[in-house]
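**Student:** Mind looking over this structure? Questions follow.
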Amino acid sequence: MVSTTEQVTKAVVPAAGLGTRFLPATKATPKEMLPVVDTPAIQFVVEEAVAAGLDDVLFITGRNKRNLEDHFDRAYELEQTLAAKGDLERLALVEEATKLARIHYVRQGEPLGLGHAVLMAEQHVAHEPFAVLLGDDLIDARDAVLPAMLDVRARYGGSVVCLMEVPRERIGLYGCAAVSATDVDDVVRVHDLVEKPDPAEAPSTFAVIGRYVLDPSVFEVLAATPPGRGGEIQLTDALRTLAAEPDRPGGGVHGVIFRGRRYDTGDKLSYLQAVVRLAVERDDLGPELREWLRELVAADFTWSPEVNDAAATPGSA
Ligand code: UTP
């Protein structure tokens, strides 16, 4: 066991993917900017990083980065208009994203894969361990997992992945980890990782989800990692090397098993499910939305004139 006292302060949020599963919405907007009810998914992710003490956030951006930069920047005209109207509640919402963290940007010239995107962070991160948070994976703030992952890094060194148990028939959609138990509940040692395995051959039903705490030695490994599945440089492949070589400096990979609420916004169906799940829990929207959903289900999703009326909520004009 390598107990380390160094603090992790930097979060890297890759947002340079093509988002092809979400076209045409992602033609001109990064998928991380798609709203989950009324807030871009990436804002939740930044809030999560900050809540875990990581207030230095580096976005890896690609084409269409403008929306993203604007969202985390001041919007003077809008702010002045809301202030002049005395609409302080909405003004606070607009200002919130600009005050969250110290935000930096680096460009990934070509979308050559998540591993390649992470490699773009090397100069900013330098020799410190850092977290990576994917913007299409939302972890409910009530079930925060980053603090536990940071503890595991502090205890064992090396890198840490976040694992979620999924039905075997779905493991082929994820990176999958071969693991063994440690003496701590829900913390495992990762021996091997395989990206999107055939379910019949998958070494476990533990899927890797979009939170990582990485040792800076990952950069050296990524730089030497050839393109893998889909012609992309896969973060999973670099982690596989680190998992296989626990004795190299910075090597070794552990996993924290996550059993909380997670919302996937990466494809159309799971995005819709995420929006509905989060909206029904909100005080301002939940009661009416639940009622409307009940009516919709009772009517077996057929249209009636009342459905038009139910869609017009007070104050929406
Ligand atoms: P995904 O594979 O989910 O994103 O990458 P994608 O490629 O944009 O999605 P589809 O499959 O075409 O719909 C996981 C994360 O890595 C980022 C993405 O933005 C996403 O947050 N990523 C991926 C990059 O930043 N650069 C890349 O080259 C690839």
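**Student:** Considering each residue of the range 197-215, count those that are charged (D, E, K, R) and either under 13 Å from Leu235 (Cβ atoms) or buried (at least 20 other Cβ atoms within 10 Å of the Cβ) (or both), and give that number.
**Tutor:** Within the range 197-215, residues that are charged (D, E, K, R) and either under 13 Å from Leu235 (Cβ atoms) or buried (at least 20 other Cβ atoms within 10 Å of the Cβ) (or both) number 2.
**Student:** Please determine whether any residue of the range 92-102 is within 16 Å of the ligand (Cβ to nearest atom) and either closer than 28 Å to Phe219 by Cβ or without any contact (Cβ under 8 Å) to a residue 40 or more places away in the chain (or both).
**Tutor:** No.
**Student:** What pairs come out if I take residues in the range 67-87 that are surrounded by 13 or more Cβ atoms within 10 Å (Cβ to Cβ) and pair them with residues that are in a loop (DSSP other than H, G, I, E, B) whose C-beta lies under 6 Å away, six or more apart or interchain?
**Tutor:** Asn67/Thr29; Leu68/Pro30
**Student:** With the checklist (1) surrounded by fewer than 18 Cβ atoms within 10 Å (Cβ to Cβ); (2) in a loop (DSSP other than H, G, I, E, B) in hand, flag the one item Ile233 doesn't pass.
**Tutor:** Of everything listed in (1) surrounded by fewer than 18 Cβ atoms within 10 Å (Cβ to Cβ); (2) in a loop (DSSP other than H, G, I, E, B), Ile233 misses just condition (1).
Every residue, every condition in (1) of a type outside the set (Ser, Thr, Tyr); (2) within 16 Å of the ligand (Cβ to nearest atom); (3) within 17 Å of Glu48 (Cα to Cα); (4) at pLDDT below 95, yes or no:
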site: Glu110; (1), (2), (3), (4): yes, yes, no, yes
site: Val118; (1), (2), (3), (4): yes, yes, no, no
site: Val132; (1), (2), (3), (4): yes, yes, yes, no
site: Leu150; (1), (2), (3), (4): yes, no, yes, no
site: Ala154; (1), (2), (3), (4): yes, no, no, no
site: Gly158; (1), (2), (3), (4): yes, no, no, no
site: Asp186; (1), (2), (3), (4): yes, no, no, no
site: Val208; (1), (2), (3), (4): yes, yes, no, no
site: Asp215; (1), (2), (3), (4): yes, no, no, no
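**Student:** Just to be sure I understand, how many residues within the range 89-108 are assigned to a helix (DSSP H, G or I) and either at pLDDT 95 or above or of a type in the set (Ser, Thr, Tyr) (or both)?
**Tutor:** Result for the range 89-108: 1.
Here's the yes/no breakdown for (1) more than 26 Å from Ser270 (Cα to Cα); (2) surrounded by 13 or more Cβ atoms within 10 Å (Cβ to Cβ); (3) touching a residue at least 24 places away in the same chain (Cβ under 8 Å); (4) touching a Ser or Thr at 6+ places or on another chain (Cβ under 7 Å):
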{"site": "Gln7", "(1), (2), (3), (4)": "yes, no, yes, no"}
{"site": "Thr20", "(1), (2), (3), (4)": "no, no, no, no"}
{"site": "Pro30", "(1), (2), (3), (4)": "no, yes, yes, no"}
{"site": "Ala41", "(1), (2), (3), (4)": "no, yes, yes, yes"}
{"site": "Thr61", "(1), (2), (3), (4)": "no, yes, yes, no"}
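**Student:** Can you work out which of the residues in the range 4-59 that are acidic (Asp, Glu) and not in a loop (DSSP other than H, G, I, E, B) is farthest from the ligand (Cβ to nearest atom)?
**Tutor:** Across the range 4-59, the extreme among qualifying residues is Asp56.
**Student:** Can you find a residue in the range 274-285 that is surrounded by 15 or more Cβ atoms within 10 Å (Cβ to Cβ) and within 28 Å of Gly113 (Cβ to Cβ)?
**Tutor:** Checking the range 274-285: at least one residue is surrounded by 15 or more Cβ atoms within 10 Å (Cβ to Cβ) and within 28 Å of Gly113 (Cβ to Cβ).
The values are calculated or read from the model by the stated rules, or taken from the named source; none is laboratory data. All values derive from a computational prediction rather than experimental measurement. Positions of Cβ are generated from backbone atoms using ideal geometry, with glycine treated the same way; all protein chains shown enter the neighbour counts.
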